[in-house]
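Colleague: One structure coming up, written as structure tokens, with questions to follow.
The values are calculated or read from the model by the stated rules, or taken from the named source; none is laboratory data. Keep in mind that what you see is a predicted model, and the values were worked out from it rather than measured. Backbone-built Cβ (ideal geometry, glycine too); neighbour counts: all protein chains shown.
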Amino acid sequence: MLKLNRYLLGLDIYERHSIVSRILTKGESKSVIDVGGTSGLLQMFLNHFEVIAVNIDDSGDVRYRGEVLPFVDNAFDAAVSLDTLEHIPHRDRKGFVEEMLRVAKKEVIFCTPLGTELHRTIEIELNDAWRREFGEDHRFLMEHIDNGLPTLSEITKILAGKNYELLFVGDIRLAARLFRNYMRMLKHSNPLVRRFFVFLGLSSSFIFYFLKVTKEPDKFTNRVYAHIRNAN
């Protein structure tokens with residue numbers, strides 16, 4: 001049942017958790033802290049791992065204040081964070097990664113939408129469209145815009161001196177199209193049409209198998225994954 005449920009998450013959520021789980025299963029880690037994660041979500045992809053999700057609200061297994069993780073040094077084999085860095089102000093991002101490194105013995109993985117001018121422009125347009133339809137900013141898009149998506153230059157500065165690898169996945173045009181479909185689903189009055197868009201959103205997980213994972217970004221790259229080995 002868990003394996004089936006994974007395919008009902010939609011492409012955006014499925015991609016992040018699938019890529020991170022693939023990286024983890026290639027190594028020797030068995031215990032994982034998911035910083036900014038939702039209870040049970042990464043566990044769906046890592047059946048034989050011990051996963052603890054921590055968050056600033058009650059969505060995780062453990063709640064924390066968003067600064068110091070409530071665990072001792074080297075408490076876990078691995079620390080991961082999926083699309084959290086972009087919600088943190090620039091000045092605090094390096095410290096966020098260093099805190100993950102503190103609690104991880106073997107490896108740290110984080111992913112984030114890749115900050116480019118095109119990506120920023122698309123997210124501003126999507127937020128404007130959301131505001132026109134629903135009368136307010138989209139919470140997460142507005143945080144992206146206010147904080148700025150992490151750029152490749154910023155990420156490499158955070159990772160300076162560490163043993164790491166970067167992977168690039170997805171297409172921001174596809175991500176924007178799926179977001180617009182989600183908006184159509186929310187605003188449509190016809191229940192049959194709404195169900196159609198719900199089906200499109202859920203079934204979009206299967207697109208993942210057509211996405212390229214590369215070691216170099218291109219103009220339309222959606223997300224970057226950083227894998228730091230030998231964390232301590």
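Colleague: Does Ile56 fit the bill of being farther than 20 Å from Lys106 by Cα and under 13 Å from the mean Cα position of the chain (by Cα)?
Modeller: So Ile56 does not fit the description; no.
Colleague: Given the range 43-156, what strands (runs of 3 or more DSSP E) lie entirely inside it while holding 3 or more residues that are under 23 Å from Met183 (Cα atoms) and modelled with pLDDT of 95 or more?
Modeller: Of the strands (runs of 3 or more DSSP E) lying wholly inside the range 43-156, none has at least 3 residues that are under 23 Å from Met183 (Cα atoms) and modelled with pLDDT of 95 or more.
Colleague: Ok, one more. Only one of (1) crowded, with 22+ Cβ neighbours inside 10 Å; (2) of a type outside the set (Lys, Arg); (3) touching a helix residue (DSSP H, G or I) at 6+ places or on another chain (Cβ under 9 Å) fails for Val103. Which number is that?
Modeller: In the conditions (1) crowded, with 22+ Cβ neighbours inside 10 Å; (2) of a type outside the set (Lys, Arg); (3) touching a helix residue (DSSP H, G or I) at 6+ places or on another chain (Cβ under 9 Å), Val103 misses (3) alone.
Colleague: Please work out if Val72 is crowded, with 20+ Cβ neighbours inside 10 Å and on the phi < 0 side of the Ramachandran plot.
Modeller: In short, no.
Colleague: Within the group Ile52, Ile109, Ile56, which residue is touching a residue at least 40 places away in the same chain (Cβ under 8 Å) and either surrounded by 14 or more Cβ atoms within 10 Å (Cβ to Cβ) or over 23 Å from Asn222 (Cβ atoms) (or both)?
Modeller: One residue alone meets the criteria, Ile109.
Colleague: Given the criteria under 22 Å from Leu41 (Cα atoms) and touching a residue at least 24 places away in the same chain (Cβ under 8 Å), does Val72 qualify?
Modeller: no
Colleague: State the number of residues belonging to the range 154-177 that are surrounded by fewer than 16 Cβ atoms within 10 Å (Cβ to Cβ) and of a type outside the set (D, E, K, R).
Modeller: 4
Colleague: Go through (1) closer than 23 Å to Gly115 by Cα; (2) touching a helix residue (DSSP H, G or I) at 6+ places or on another chain (Cβ under 6 Å) and name the single condition Ser81 misses.
Modeller: Exception for Ser81: condition (2).
Colleague: So which residues in the range 20-42 are of a type in the set (Gly, Ala, Ser) and assigned to a helix (DSSP H, G or I)?
Modeller: Correct list: Ser21 only.
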